[in-house]
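Notes to accompany the following structure.
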Amino acid sequence: MDKHILITGGAGFIGSHLVDAMLARGYRVSILDNLSPQVHADGEMDAEGWPTYLDRRARRIRGDILDEGVFEVALEGVTHLAHLAASVGVGQSMTNIVDYTRNNVMAAAVMLEVLSQKPHTVERIAVASSMSIYGEGDYIRPSTHAHVTADVRPHAQLEARQWEIMVDGEALEPVPTTEEKLLQPNSIYAVNKRDHEEMFLSVGRALQIPTVALRLFNAYGSRQALSNPYTGVAAIFISRLLNDQPPLVFEDGRQMRDFVHVQDVARAFATVLDSDRETWDVFNVGSGSPVSVNEIAGVLARLLGKNIAPEVLNRYRVGDIRHCFGDIAKIEQAYNFRPERDMETGMEELIAWVSRTKPPVDRSAECLAELTRGKLVV
Ligand SMILES: NC(=O)c1ccc[n+]([C@@H]2O[C@H](COP(=O)([O-])OP(=O)(O)OC[C@H]3O[C@@H](n4cnc5c(N)ncnc54)[C@H](O)[C@@H]3O)[C@@H](O)[C@H]2O)c1
């Protein structure tokens, strides 16, 4: 049987790069996407309403994964399933709780019920999970080198603008987070992502369909929805800088994150899907090189030729963690996969794409006001 992949959310940022990666590997590719307006409203669309960046060789199905009839039809002849469709704003998930849970968890239930009850030809599944399910990253106490499970920082500490995680007066040191770390999701989005990961792994195992969940760190690169202020810090910063506004940085900007280029993320999916490994497991997909939010703002300003420093808000977004970056040894050991793009060339790719697209609308102020109204920014 020919290899045929169905990519849910295939019109989106990561999904569209996966479309390219799977076509390059000789797969037939189908996309199931509802072209959510929040993601696609400001993008360049073709006459049929699909993003112009999508490769025309892919079969395109406009539909909702919550619609079991549509999903069942889309599965016809499919051997590989990549599930990426989701609502992806961490902050927004704390106010639009029903929508997020429906789209990210009920949708998984609908898909899995179709897979378990209807005839199909799916041999392998990969789903997009997220680093957000860890909550805080892994830490050690500098004085003892012991690992510490860090809790969400107490409100009183944050109100005092004390950002680092403290134990007995000692600031903890962040270290790479492995897949073994206790899951401590602290947003609705993260709870949804954990649930959908576990649902796919448990039903995938029951059906004996090898299933992998990739815990993606912060993806960036071309085709990111530049005007959607709820996602993608790199895109948000670029949109601010192009509008000659300083990037707005929460806390003190020294929080460490893990930015992984979207083509590396797509290659990680392609690698696990194209493998013969019989496994039901989770893997981090990160860059292996942590960077602070201030550093990101600095790199972007430099590459865009703007002499604009970030505006450090000294405010805290509810649900945000202090530091988290990935230990990426497990996927390397299992699949011989390593990311290839460094930050500089990765950001250049993003900026080159931005300069070819229509100027982004900067909605950061609107978004900050909405989060402040919802008491989600302190
Ligand atoms: N971008 C990141 O940094 C990041 C990090 C961790 C995890 N992830 C996960 O990766 C996946 C892809 O994220 P992305 O950044 O490409 O997001 P995106 O918003 O660009 O793409 C998601 C796509 O899914 C579609 N979609 C949403 N709901 C749908 C539904 N009910 N039915 C059909 N299509 C629907 C949207 O129209 C969009 O095209 C998501 O599951 C996300 O949770 C992303």
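The numbers here are math on the coordinates, done by the rules we state, and not lab data. Quick caveat, the model's predicted, so the values are computed rather than measured. Every residue, glycine among them, receives a Cβ derived from its backbone with ideal geometry; neighbour counts consider all protein chains shown.
Would the range 144-157 turn up any residue that is touching an Asp or Glu at 6+ places or on another chain (Cβ under 7 Å) and not in a loop (DSSP other than H, G, I, E, B)?
For the range 144-157, residues touching an Asp or Glu at 6+ places or on another chain (Cβ under 7 Å) and not in a loop (DSSP other than H, G, I, E, B): present.
Please determine whether any residue of the range 320-327 is farther than 25 Å from residue 154 by Cβ and out of contact with any Lys or Arg (no Cβ under 8 Å at 6 or more places or on another chain).
Within the range 320-327 (the criterion being farther than 25 Å from residue 154 by Cβ and out of contact with any Lys or Arg (no Cβ under 8 Å at 6 or more places or on another chain)), the answer is yes, since at least one residue qualifies.
Restricting to the range 19-37, and then to whatever is buried (at least 24 other Cβ atoms within 10 Å of the Cβ) and under 23 Å from residue 68 (Cβ atoms), can you tell me which residue is nearest to the ligand (Cβ to nearest atom)?
Once the filter is applied, the top-ranked residue is 33.
With 192, 294 as the choices, which residue is buried (at least 23 other Cβ atoms within 10 Å of the Cβ) and either without any contact (Cβ under 8 Å) to a residue 60 or more places away in the chain or within 19 Å of residue 127 (Cα to Cα) (or both)?
On inspection, the qualifying residue turns out to be 192.
For the range 201-316, list the strands (runs of 3 or more DSSP E) that sit wholly inside it and hold at least 2 residues that are more than 16 Å from the ligand (Cβ to nearest atom) and closer than 28 Å to residue 175 by Cβ; which are they?
Output list reads 280-285.
Filter the range 38-78 down to the residues that are touching a strand residue (DSSP E or B) at 6+ places or on another chain (Cβ under 9 Å) and of a type in the set (Gly, Ala, Ser), then identify the one that is nearest to the ligand (Cβ to nearest atom).
The selected residue is 63.
Please note which helices (runs of 4 or more DSSP H) are completely contained in the range 5-103 and include at least 3 residues that are under 22 Å from the mean Cα position of the chain (by Cα) and more than 22 Å from residue 266 (Cα to Cα).
90-93, 97-101
Tell me which of these residue 198 doesn't satisfy, since it passes every other one: (1) touching a residue at least 12 places away in the same chain (Cβ under 8 Å); (2) more than 12 Å from the ligand (Cβ to nearest atom).
(1)
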